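The values are calculated or read from the model by the stated rules, or taken from the named source; none is laboratory data. Just so it is clear, the model here is predicted, and its values are computed rather than measured. Here Cβ is always computed from backbone atoms with ideal geometry, including for glycine, and neighbour counts include all displayed protein chains.
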There are 2 protein chains.
Amino acid sequence: MNITMIEAAADRLAGHVRHTPLLTSPFIDEIAGRRVLLKPEALQHTGSFKFRGGWSALSALTEAERRAGVLAFSSGNHAQGVALAAQRLNTPATIIMPGDAPKIKIDNTRALGAEVILYDRAHEDRDALGAKLSEERGLTLIKPFDNPEVIAGQGTAGLEIAADAGALGITRAEVLVCCGGGGLTSGIALALEARAPEMTVRPVEPEGYDDVARSLRSHRIECNEMSAGGLCDAIITQRPGEITFPIMDRLCGPGLVVAEEDCLRAMAVAFQRLKIVLEPGGAIALAAALYHPDQISGDDVIVVASGGNVDAGVFALALERYGS
Amino acid sequence: MNITMIEAAADRLAGHVRHTPLLTSPFIDEIAGRRVLLKPEALQHTGSFKFRGGWSALSALTEAERRAGVLAFSSGNHAQGVALAAQRLNTPATIIMPGDAPKIKIDNTRALGAEVILYDRAHEDRDALGAKLSEERGLTLIKPFDNPEVIAGQGTAGLEIAADAGALGITRAEVLVCCGGGGLTSGIALALEARAPEMTVRPVEPEGYDDVARSLRSHRIECNEMSAGGLCDAIITQRPGEITFPIMDRLCGPGLVVAEEDCLRAMAVAFQRLKIVLEPGGAIALAAALYHPDQISGDDVIVVASGGNVDAGVFALALERYGS
């Protein structure tokens, strides 16, 4: 994994990805006590950064591999990112989703042209099902984060940060990233190592699911006791990846840990001050900037808001509690 | 009023305004039956396009005029646009607002450094109060739409549309614009006349407040019976302007008229598919594209979403009714 792979991914993504801006608000700066520059990947195609990695991985396949098709496991953002990339690259996509995934996410993934295969979380072995399908149909598995081309694709967000912050004269800042398995975090860290070496990436996780923060402290991979559940489901994984963790361990500053309730508060702030929709996990880096300012240093902080695929009911809850 | 003024406004706005993108979603295209490209001015500073006109007008004043300060009447978006532009240009701003305006809007305008003077809608004459203040303090009145430099500022959104649509190969399309007094509509129409002459601007208004649509039919200024009220308050004015109407009459296609309820539906679609927050009046052009496709022609339609300053309660209502 190196900057050359990220630059190559950026070349393949050019004209297909949205270059998301850095948004600011004087009201947000006042709460945070410093200037906050927010990169809204919720505005990316399919509503999260996952389209970057999906496109990067699929566009790196051989013609024969693309013709044969791809396979992904996902209940959410990765499914949609892979499905849209596959549709636009004329690649058959098979997505294995839990049968109890929200109907809207299943419908969206199908509407993007993917074949969705549902499995029973309690009684079926997802990995065995995937291996069988992959072998029978000759499909290439696209892992959600522990895949070099996926990491390279997510890293293109880091190239944009270096360029756009640099244009504002900002070369030194902490960069807070919503963190699950570490694909986005490690990709951005690699991009900034090359393009903005005075910036430091800091992963942000929900309370109770702070496997990356603990792994960064102990310098070895630690696991969460719980592997699912909670409002921040989109960024919850059991442990950091075999490829992503060594990158994070070498390049990242200490992890930040945020309460779910603060994610809801940050969603309401993003609604009111930036007019964007964030999902709880996608708001967690903003929540860290707003509500843990003493754990951050510098006059400027960059926040990556990773996604906005939230149910209307959860969004309405955030507004009801914190919307005025 | 001509393209030279809009180009000059764009030069003054460079580095200060957000160049908003053109957003798309395959799900929105499917509802609308054609490709929809949405320009989210909700993501503009202060949450609406009004910052363009405010900055354009203030930056066109002489040094002496700027030092003396500016005056605006507004209960909403124009107030915030003028206040932020004034703050950044070190100009004192006095904003006259109705005493029953939402507290959050009064607080926001004050937080942007403006002096807010409240008046009693029932018993005080706003114009007389403004004239008195203007004379006593030597303030320059910044009208919300019937001001050439304000129109030129709003027209910079049209320059961006011509450039960004052109880069996608789109030179012929209807451009639907949320329309109140016509500042944004006439400014965009002038910009497109020069830069994308095969595009046609069409104003969109709420039912019961279709003064512009009627005026375009009769070729003279018609008034609304009601001058305030309704969910689309941000774009409700009693009549088109003396400067804006002749421009619209010369350049625009027929007006479109949309039910309030369809604005709420469009807000929910923008939430779900684009991850942006729109106010009812700011969603009305999208509502026209989604729910009146038979009144529009062409394979592509461009929609300008003018603002996102909506109370949490109204947004939650849209989600509750149409969010799933």
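Which of the residues belonging to the stretch B:313-324 are at the interface with chain A (Cβ under 7 Å from one of its Cβ atoms) and modelled with pLDDT of 95 or more?
Step one: of the stretch B:313-324, the residues at the interface with chain A (Cβ under 7 Å from one of its Cβ atoms) are B:315-316, B:319-320, B:323-324.
Those that are at the interface with chain A (Cβ under 7 Å from one of its Cβ atoms) and modelled with pLDDT of 95 or more: B:PHE315, B:ALA316, B:LEU319, B:GLU320.
Condition first: touching a Leu at 6+ places or on another chain (Cβ under 8 Å), under 21 Å from A:LYS105 (Cα atoms) and touching a residue at least 40 places away in the same chain (Cβ under 8 Å). Now tell me which residues in the stretch A:118-141 satisfy that.
Answer for the stretch A:118-141, where residues must be touching a Leu at 6+ places or on another chain (Cβ under 8 Å), under 21 Å from A:LYS105 (Cα atoms) and touching a residue at least 40 places away in the same chain (Cβ under 8 Å): A:GLY130, A:LEU141.
Based on what the data block shows, is B:ALA72 within 19 Å of the chain's Cα centre (by Cα), among the small types (Gly, Ala, Ser), buried (at least 17 other Cβ atoms within 10 Å of the Cβ) and not in a helix (DSSP H, G or I)? Full working, then the answer.
On the way: within 19 Å of the chain's Cα centre (by Cα): yes; among the small types (Gly, Ala, Ser): yes; buried (at least 17 other Cβ atoms within 10 Å of the Cβ): yes; not in a helix (DSSP H, G or I): yes.
Considered against the rule, which asks whether it is within 19 Å of the chain's Cα centre (by Cα), among the small types (Gly, Ala, Ser), buried (at least 17 other Cβ atoms within 10 Å of the Cβ) and not in a helix (DSSP H, G or I), B:ALA72 comes out as yes.
Rundown of residues vs (1) polar (S, T, N, Q); (2) buried (at least 17 other Cβ atoms within 10 Å of the Cβ); (3) part of a helix (DSSP H, G or I), yes/no style:
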residue: B:ALA79; (1), (2), (3): no, yes, yes
residue: B:ALA85; (1), (2), (3): no, yes, yes
residue: B:ILE95; (1), (2), (3): no, yes, no
residue: B:ASP100; (1), (2), (3): no, no, no
residue: B:ILE106; (1), (2), (3): no, yes, yes
residue: B:ILE117; (1), (2), (3): no, no, no
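Return the total of residues in the stretch B:293-312 being touching a residue at least 24 places away in the same chain (Cβ under 8 Å), among the charged types (D, E, K, R) and either more than 10 Å from chain A (Cβ to nearest Cβ) or within 24 Å of B:ALA163 (Cα to Cα) (or both).
Of the residues in the stretch B:293-312, the ones touching a residue at least 24 places away in the same chain (Cβ under 8 Å) are B:293, B:295-311.
Checking the rest, the ones that are also among the charged types (D, E, K, R) come to B:299-300, B:311.
Next, from what is left, pick out any that are either more than 10 Å from chain A (Cβ to nearest Cβ) or within 24 Å of B:ALA163 (Cα to Cα) (or both): B:299-300.
Counting residues in the stretch B:293-312 that are touching a residue at least 24 places away in the same chain (Cβ under 8 Å), among the charged types (D, E, K, R) and either more than 10 Å from chain A (Cβ to nearest Cβ) or within 24 Å of B:ALA163 (Cα to Cα) (or both) gives 2.
What about A:GLN80, is it in the same structural domain as A:LEU278 (by TED's automatic domain parsing) and either in contact with a Ser or Thr (Cβ under 6 Å, 6 or more places away or on another chain) or under 23 Å from A:ALA305 (Cα atoms) (or both)? Quick ask: steps written out before the conclusion?
Values: in the same structural domain as A:LEU278 (by TED's automatic domain parsing): no; either in contact with a Ser or Thr (Cβ under 6 Å, 6 or more places away or on another chain) or under 23 Å from A:ALA305 (Cα atoms) (or both): yes.
Spelling it out, it is not the case that A:GLN80 is in the same structural domain as A:LEU278 (by TED's automatic domain parsing) and either in contact with a Ser or Thr (Cβ under 6 Å, 6 or more places away or on another chain) or under 23 Å from A:ALA305 (Cα atoms) (or both).
Within the stretch B:267-275, can one find any residue that is small (Gly, Ala, Ser), away from chain A (no Cβ under 14 Å), crowded, with 24+ Cβ neighbours inside 10 Å and assigned to a helix (DSSP H, G or I)?
Our first condition is that a residue be small (Gly, Ala, Ser); within the stretch B:267-275, this holds for B:268, B:270.
Next, from what is left, pick out any that are away from chain A (no Cβ under 14 Å): none.
Within the stretch B:267-275, none of the residues are small (Gly, Ala, Ser), away from chain A (no Cβ under 14 Å), crowded, with 24+ Cβ neighbours inside 10 Å and assigned to a helix (DSSP H, G or I).
Could you grab me the full set of residues in the stretch A:11-48 that are touching a Gly at 6+ places or on another chain (Cβ under 8 Å) and on the phi > 0 side of the Ramachandran plot?
If the condition is that a residue be touching a Gly at 6+ places or on another chain (Cβ under 8 Å) and on the phi > 0 side of the Ramachandran plot, then A:THR46, A:GLY47 are the ones that fit.
Which residues, taken from the stretch A:1-51, are away from chain B (no Cβ under 12 Å) and without any contact (Cβ under 8 Å) to a residue 24 or more places away in the chain?
A:THR4, A:ASP11, A:ALA14
Do the conditions hold for A:PHE245, that is, is it at the interface with another protein chain (Cβ under 8 Å from one of its Cβ atoms) and either part of a helix (DSSP H, G or I) or in contact with a Phe, Trp or Tyr (Cβ under 6 Å, 6 or more places away or on another chain) (or both)? Give the derivation first.
On the way: at the interface with another protein chain (Cβ under 8 Å from one of its Cβ atoms): no; either part of a helix (DSSP H, G or I) or in contact with a Phe, Trp or Tyr (Cβ under 6 Å, 6 or more places away or on another chain) (or both): yes.
Considered against the rule, which asks whether it is at the interface with another protein chain (Cβ under 8 Å from one of its Cβ atoms) and either part of a helix (DSSP H, G or I) or in contact with a Phe, Trp or Tyr (Cβ under 6 Å, 6 or more places away or on another chain) (or both), A:PHE245 comes out as no.
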